[in-house]
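**Q** Provided herewith is a single structure, encoded as structure tokens, for subsequent inquiry.
The values are calculated or read from the model by the stated rules, or taken from the named source; none is laboratory data. Please read these numbers as outputs of a predicted model, since none were measured by experiment. Cβ: placed from backbone, ideal geometry, glycine included. Neighbour counts: every protein chain shown. Side chains included, ligands, DNA and RNA excluded: accessible areas come from the protein's heavy atoms. Shrake-Rupley method; radii C 1.70, N 1.55, O 1.52, S 1.80 Å.
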Amino acid sequence: MDWILFRIKYLYWQKSGYFDKVNKKIIKKAKELKQEQLYMPKFNLVNRSFQGDSSFIEKANKAIKGNIYAFSHEYLNYYENDNIAWNMNPVSKVKANRNISWNNLPDFGEYGDIKLIWEASRFPQIYYFINAYSVTQDEKYAKACLKQITDWIDANPYPLGVNYKCGQEITFRVIAWIIAIDYFRDFLSSKDEKKIVANIYIALLRVDANIDYAAKAVKNNHSLSEAVGLIIFGLYFKQFEESKKLLKRGINYLQKECAYQIYPDGSYIQHSFTYQRLALDVLSFVIMLCKKNNYDLSESITKKHKSMIVFLYSFIQDNGWLPNYGTNDGANLFPISRKDYRDFRESLDFASLISWGKTLFFKKNSIGLLFDIQSNEKNLINKQIRFDDGGYYILKDRDIFSFIRCHSYHDRPAQNDMLHLDVWYKGVNIFCDTGSYSYNTDKEFKNNFNGTTGHNTIMINDENQMEQVLNFGWSNWTQSKLLTFDDNHFVGEHYGYKKKFGVTCRREILKENNKLTIIDSILNITKDTNIKQIWNTKEEVEKIDDFSVKAGSCILTSNQPINLEEAYISDYYNSYEKGTKIIIEIVSGKDIDIKTTMEFVS
């Protein structure tokens with residue numbers, strides 16, 4: 001009810017011109033600033049002797065010409081007429097209107113996926129420039145970095161355009177800018193310094209003016225990030241009269257959002273490992289800022305931070321990857337390392353350094369090196385297999401790693417994935433989540449990723465477990481119940497199809513030596529019902545007979561016939577590859593069990 005009331009109030013604000021008045025007020029305050037206030041504080045954040053990686057030289061050289069390595073995976077070209085077009089979708093080349101204020105622009109416009117526009121304005125290229133300069137000492141990287149910041153400011157006068165639309169995006173941009181300024185301070189002119197400080201002042205007042213939308217309507221990592229934006233203002237920009245107020249507000253929001261968003265077992269409100277990593281990076285950064293400024297954060301925040309580390313660490317594989325479970329939008333707050341985007345070790349090492357002063361994996365952590373925080377000590381954390389608050393359950397041995405989700409949603413779900421089973425063998429993700437691909441593709445194609453068909457679970461009558469509402473919402477949130485769990489055995493059921501078809505989906509998993517047995521029981525069937533047990537894989541699939549296939553190093557056998565279809569699998573945002581969907585299908589008018597075994601061969 002609170003959410004509905006806030007959305008009604010927010011709609012009134014939008015229609016009444018409230019934010020137009022807010023924008024005018026912010027502009028007025030910025031015009032009244034004194035020149036002596038427009039100075040960049042000494043952040044003392046980065047290690048100016050940081051030694052980066054020569055592999056970033058190519059990325060930096062291309063970024064100079066607006067060809068930016070985006071989503072930590074692909075180059076997107078934003079260059080047009082010898083300048084970066086900051087309001088252009090680099091794929092479609094369609095531009096968002098730069099003459100309309102952020103609050104009057106639609107969420108979805110002719111420009112397509114707004115994240116493609118925003119990516120360059122997050123400034124991942126700053127980390128490429130820092131790496132390249134650290135290796136070459138070539139001033140062109142410092143100058144290009146600062147020029148892109150000032151060019152962005154000239155091309156994006158407040159409050160116009162899509163790049164002021166999201167407070168989280170603004171905060172990520174400010175974080176990148178203050179890191180760049182701290183590292184390249186010797187190259188910063190007084191004129192540019194004043195211009196950048198003035199924009200940061202405006203931008204963070206914009207965040208403050210609309211943070212309630214993130215906290216009360218969006219209710220996810222946006223509000224964590226925006227709280228950090230206010231804390232940055234309060235800790236560092238003390239020349240402005242708003243600094244104390246914004247620091248207090250930022251801390252209050254951070255405490256509330258940590259308590260709300262991070263479950264007691266360390267799992268996360270967004271039901272996504274990559275989003276949880278982003279939230280972890282944000283928290284690691286703000287805890288570090290507070291420590292550097294001798295500001296004591298509440299123990300409730302630092303405890304939540306530690307619980308997130310333990311949670312994510314429990315799922316990590318030897319190569320640093322986690323299951324591609326939940327929404328994956330390509331977010332990478334600190335793309336300073338050459339390691340693959342799917343590798344969580346840099347973030348977990350940085351978090352461990354911040355919380356315990358020790359690393360989990362490497363003696364040298366790239367993010368820690370950038371911020372001059374290192375340790376030769378290794379941290380030892382016991383991995384867990386059971387997370388009841390989030391509904392995650394792990395079955396594993398020396399070679400097999402699998403986890404299943406069994407949870408009753410009480411916070412907004414993003415995907416139809418209940419009782420999804422992720423299966424790894426010797427570090428290879430044989431049966432995987434298909435990822436996200438894009439937030440702004442057509443509904444039918446998007447269903448390949450966020451629909452039930454994109455997960456290793458049961459689908460009834462070719463329908464999703466939940467009903468889609470608009471672009472990001474779902475109704476009839478799936479409810480589940482754990483029946484049994486120990487080191488080798490799981491039984492749980494979900495009721496996502498109960499309202500529509502009257503059936504209950506129960507899944508039992510038995511782990512034995514080099515073998516998993518999955519028994520899916522479809523209960524309370526009263527009429528002919530189409531049932532599909534689905535397994536998505538990137539591995540090469542060979543059909544042995546009607547009841548058996550070989551997928552990579554796994555021989556999968558079922559008591560029902562097996563068919564193969566094309567699957568779409570996205571490890572990285574805005575990108576997908578084709579794989580195989582193994583479908584075990586039957587039509588039944590009465591309760592039935594589908595029994596599938598997975599035997600693994602080296």
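**Q** Dipole magnitude of segment 34-123 about its Cα centre, charges +1 at Lys/Arg Cβ and -1 at Asp/Glu Cβ only, in debye to the nearest 20?
**A** 300
**Q** In whole Å, how far is the Cα centre of segment 119-193 from that of segment 405-439?
**A** Computed from Cα coordinates, the inter-centre distance equals 36 Å.
**Q** Need one number: convex hull volume per residue for segment 178-223, Cα atoms only, in Å³.
**A** Value for segment 178-223: 62 Å³ per residue.
**Q** Which of the residue pairs Lys165/Lys443; Lys304/Lys481; Lys383/Lys426; Lys65/Lys195; Lys195/Lys238 have a Cα-Cα distance greater than 20 Å in the structure shown?
**A** Flagged as over cut-off: Lys165/Lys443; Lys304/Lys481; Lys65/Lys195.
**Q** Add -39500 (n - 2.57) for each DSSP H run of 4 or more in the chain, then divide by its residues: what number comes out at 222 nm, to the nearest 500 deg cm²/dmol?
**A** Dividing the helical sum by the residues of the chain leaves -11500 deg cm²/dmol.
**Q** Can you give the Rg to Rh ratio for segment 1-71, taking only C-alpha atoms and Rh from Kirkwood?
**A** My calculation of the ratio gives 1.23.
**Q** Which of the peptides 292-301, 451-460, 361-370, 536-545 is most tightly packed, and how do the rest follow, going by the mean number of other Cβ atoms within 10 Å of each residue? Write down the numbers at each step before the final one.
**A** On the way: 292-301: 13.0, 451-460: 24.2, 361-370: 19.5, 536-545: 16.5.
So the peptides 292-301, 451-460, 361-370, 536-545, ranked by packing, come out 451-460, 361-370, 536-545, 292-301.
**Q** Right, next: Which GluC sites (Glu not before Pro) from segment 214-262 combine a DSSP loop assignment with at most 15 other Cβ atoms within 10 Å?
**A** Qualifying residues, ordered by number: Glu241.
**Q** Find the all-direction average of the projected area of the Cα convex hull for segment 431-513, expressing the result in square nanometres with one decimal place.
**A** Values: hull surface 26.2 nm².
The number I arrive at for segment 431-513 is 6.6 nm².
**Q** Summing Lys, Arg as +1 and Asp, Glu as -1, what charge do residues with Cβ under 13 Å from the Cβ of Asp388 carry, Asp388 excluded?
**A** Here the count lands on +1.
**Q** Would you list Phe431, Phe108 from the most to the least accessible area, probe 1.4 Å? Can you show the working numbers first?
**A** Working: Phe431 0, Phe108 105 Å².
I get Phe108, Phe431, largest accessible area first.
**Q** State to the nearest 20 debye the size of the charge dipole of the chain about its Cα centre, where the only charges are +1 on K and R beta carbons and -1 on D and E beta carbons.
**A** Charge dipole of the chain: 2380 debye, to the nearest 20.
**Q** How far is helix 167-183 tilted off the main Cα axis of the chain, in degrees rounded to 10, range 0 to 90?
**A** With both axes taken from Cα atoms, the answer is about 60 degrees.
**Q** What does the extension gain come out to for Ser602 and Lys383, with contour length at 0.36 nm per residue minus their alpha carbon separation?
**A** Details: separation 219, 0.36 × 219 = 78.84 nm, distance 2.55 nm.
Length gained between Ser602 and Lys383: 76.3 nm.
**Q** Continuing with this model, one more query. Check which residues have an amide H placed less than 5 Å from Tyr573's amide H, if you skip close sequence neighbours.
**A** Here Gly330 satisfy the definition.
**Q** I would also like to ask the following. Quote to one decimal, in nm, the extra length available between Ser408 and Gln137 on full extension: 0.36 nm per residue of separation minus the C-alpha distance between them.
**A** 92.2 nm
**Q** So if each residue of separation counts as 0.36 nm, and I subtract the Cα-Cα distance between Asn563 and His489, what length gain in nm does that give?
**A** 23.9 nm
**Q** Counting only other residues whose beta carbon sits under 12 Å from that of Phe431, what net charge do I get with K and R as +1, D and E as -1? Write out the running numbers ahead of the final one.
**A** Numbers: positive: Lys538, Lys581; negative: Asp422, Asp433, Glu539.
Every neighbour counted, the sum reads -1.
**Q** So if I place +1 on the C-beta of Lys and Arg and -1 on the C-beta of Asp and Glu, and nothing else carries charge, what would the dipole magnitude of segment 92-137 be about its Cα centre? I want it in debye, nearest 20. Don't skip to the answer; put the middle values down first.
**A** On the way: 5 positive and 4 negative charges, 28 e Å.
It comes to approximately 140 debye.
**Q** Please list 82-92, 128-138 highest first by mean number of surrounding beta-carbon atoms within 10 Å per residue.
**A** So the peptides 82-92, 128-138, ranked by packing, come out 128-138, 82-92.
**Q** Search the structure for amide H atoms under 5 Å from the amide H of Ile100, placed 1.01 Å from N in the peptide plane, and list their residues when 5 or more places away or on another chain.
**A** Gly161
**Q** Only loop residues by DSSP count here, and only those with at most 13 other Cβ atoms within 10 Å; note down the GluC sites (Glu not before Pro) in segment 1-94 that meet that.
**A** When the GluC sites (Glu not before Pro) of segment 1-94 are filtered for loop state and at most 13 Cβ neighbours within 10 Å, Glu32 remain.
**Q** Let a ≥ b ≥ c be the square roots of the eigenvalues of the Cα gyration tensor of segment 153-199; is it rounded (a/c under 1.5), or, if not, prolate (a/b larger than b/c) or oblate? Could you put the intermediate results ahead of the total?
**A** Values: a/c = 3.29, a/b = 1.54, b/c = 2.14.
Taking the square roots of the gyration eigenvalues as a ≥ b ≥ c, segment 153-199 is oblate.
**Q** Just read off the accessible area of Tyr275 with the full protein assembly in place, 1.4 Å probe, to the nearest 10 Å².
**A** 30
**Q** Within segment 525-581, count lysine pairs with alpha carbon atoms under 21 angstrom apart where the residues are 8 or more positions apart or belong to different chains.
**A** Value for segment 525-581: 11.
**Q** Kindly give the semi-axes, whole Å and largest first, of the ellipsoid equivalent to segment 388-453, taking each as the square root of 5 times a Cα gyration tensor eigenvalue.
**A** So the equivalent ellipsoid measures 24, 17, 8 Å along its semi-axes.
**Q** Ok, one more. How large is the Rg to Rh ratio of segment 495-602 when both quantities use alpha carbon positions and Rh follows Kirkwood?
**A** Rg/Rh for segment 495-602 comes to 1.01.
**Q** For segment 441-510, which chymotrypsin sites (Phe, Trp or Tyr not before Pro) pass both filters: DSSP loop (anything but H, G, I, E, B) and at most 14 other C-beta atoms within 10 Å?
**A** Phe472
**Q** Further question: Work from the charge dipole of the chain (Cβ charges, +1 for Lys and Arg, -1 for Asp and Glu, about the Cα centre) and give the residue of Tyr253, Gly496, Phe56 farthest towards its positive end.
**A** Among Tyr253, Gly496, Phe56, the one farthest towards the positive end of the dipole of the chain is Tyr253.
**Q** On a 0 to 90° scale, report how tilted helix 18-31 is relative to the longest principal axis of the chain, with both axes built from alpha carbons and the result rounded to the nearest 10.
**A** Tilt relative to the chain: about 40 degrees.
**Q** Another question about this same structure. Once both labels are modelled 7 Å past Cα along the beta-carbon direction, what's the Asp82-Glu512 spacing in nm?
**A** That separation, rounded to one decimal, is 7.3 nm.
**Q** Just to be sure I understand: if I project the alpha-carbon convex hull of segment 280-343 onto a plane and average over all orientations, what area do I get in nm²?
**A** 5.3
**Q** Tally Lys/Arg at +1 and Asp/Glu at -1 over every other residue whose Cβ is under 14 Å from the Cβ of Ser55; what's the total?
**A** Here the count lands on +1.
**Q** Which whole-number value in Å² is the accessible area per residue of segment 1-124, probe 1.4 Å?
**A** Heavy-atom accessible area per residue stands at 56 Å².
**Q** Per 10 Å bin, what percent of the C-alpha pairs of segment 278-398 does each bin hold, from zero upward?
**A** The distribution over segment 278-398 is 12, 45, 35, 8, 0, given as percents.
**Q** Right, another one. Taking the convex hull of the Cα atoms, report for segment 149-301 its projected area averaged over all directions, in nm².
**A** Reported value for the Cα convex hull: 9.5 nm².
**Q** Helix 221-236 sits at what angle to the longest principal axis of the chain, using alpha carbons and giving 0 to 90 degrees rounded to 10?
**A** Tilt of helix 221-236: around 20 degrees.
**Q** Heavy-atom accessible area per residue, segment 477-602, 1.4 Å probe: how many Å²? Spell out each step's value before the answer.
**A** Details: 5670 Å² over 126 residues.
Heavy-atom accessible area per residue stands at 45 Å².
**Q** Separate question: Using a Förster distance of 35 Å, how high is the FRET efficiency between Ser55 and Leu5, based on the Cβ-Cβ distance and rounded to 0.05?
**A** The value I calculate is 0.10.
**Q** Just need the Rg to Rh number for segment 1-135, please, alpha carbons only, Kirkwood Rh. The partial results should precede the final answer.
**A** Values: Rg = 19.7 Å, Rh = 18.4 Å.
When Rh is taken as the Kirkwood radius, the ratio is 1.07.
**Q** Put +1 on the Cβ of every Lys and Arg and -1 on every Asp and Glu Cβ in the chain; which of Ser92, Gly368, Ile586 then has its Cα farthest towards the positive end of the dipole?
**A** Working it through, the farthest residue towards the positive pole turns out to be Gly368.
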